[in-house]
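All of the numbers you see were taken from the coordinates with simple rules; none came from a lab. Note that this is a predicted model, so its numbers are computed, not measured. Heads up, the Cβs are rebuilt from the backbone with ideal geometry, glycines too, and the neighbour counts pull from every protein chain shown.
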Amino acid sequence: MPVILETTENDKRKHALEIVQKLKQSGFEAYFVGGCVRDFVLGDIPGDYDIVTSALPDQIVSLFPRTAKIGAKFGVVAVIIEKYYYE
């Protein structure tokens with residue numbers, strides 16, 4: 001049985017896809033990782049979306065209008081779209 005996503009979940013997923021697409025269009029590798037992949041495989045709705053990329057923190061900050069360097073020295077930057085954080 002397919003998972004029916006609520007509007008909020010559709011928005012979160014749409015924004016996550018937009019981030020991956022923008023990174024790839026800018027010449028970087030980008031993939032979903034972690035719990036969202038597990039949830040997708042299990043047919044569950046992900047609580048959040050984590051993305052791994054070859055872009056460096058400063059490159060991510062320059063690509064997206066709203067970001068937070070939550071662990072930039074470890075390579076972790078959150079892209080903020082609406083009220084959602086994507087690490």
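Note that the range 58-67 has calculated 3J(HN,Hα) couplings of 5, 5, 5, 4, 6, 7, 10, x, 10, 9 Hz, one per residue in order, obtained from phi through the Karplus relation 6.51 cos²θ - 1.76 cosθ + 1.60 (θ = phi - 60°); glycine and proline are x. Fully extending the segment from V41 to S26, taken as 0.36 nm per residue of separation minus the present Cα-Cα distance, adds 2.6 nm. Local charge for D44 was computed over the other residues whose Cβ lies under 13 Å away, with Lys and Arg +1 and Asp and Glu -1, and equals -1. Per q in 0.16, 0.20, 0.22 Å⁻¹, report the Debye log10 I(q)/I(0) for the chain, using one uniform scatterer on each alpha carbon and no solvent. With no solvent term, the Cα-only Debye profile gives -0.61, -0.92, -1.09.
Which value at 222 nm does the chain reach when only helices count, each DSSP H run of 4 or more adding -39,500 (n - 2.57), with the total divided by all residues and rounded to the nearest 500 deg cm²/dmol?
Numbers: 3 runs with 34 residues, N = 87.
Result for the chain: -12000 deg cm²/dmol, rounded to the nearest 500.
Only four residue types carry charge here, +1 at the Cβ of Lys and Arg and -1 at the Cβ of Asp and Glu. Report the dipole size of the chain about the Cα centre in Debye, rounded to the nearest 20.
Values: 10 positive and 12 negative charges, 57 e Å.
Value, rounded to 20: 280 debye.
Could you work out the local net charge near S62, counting Lys and Arg as +1, Asp and Glu as -1, over the other residues with Cβ closer than 13 Å to its Cβ? Walk me through the intermediate numbers first.
Values: positive: K22, R66, K69; negative: D58.
Taking every Cβ under 13 Å from that of S62, the sum is +2.
Along the range 10-24 the Karplus relation, 6.51 cos²θ - 1.76 cosθ + 1.60 evaluated at θ = phi - 60°, assigns HN-Hα couplings of 4, 5, 4, 5, 4, 5, 4, 5, 4, 5, 4, 5, 5, 4, 5 Hz to successive residues, with x for each Gly and Pro.
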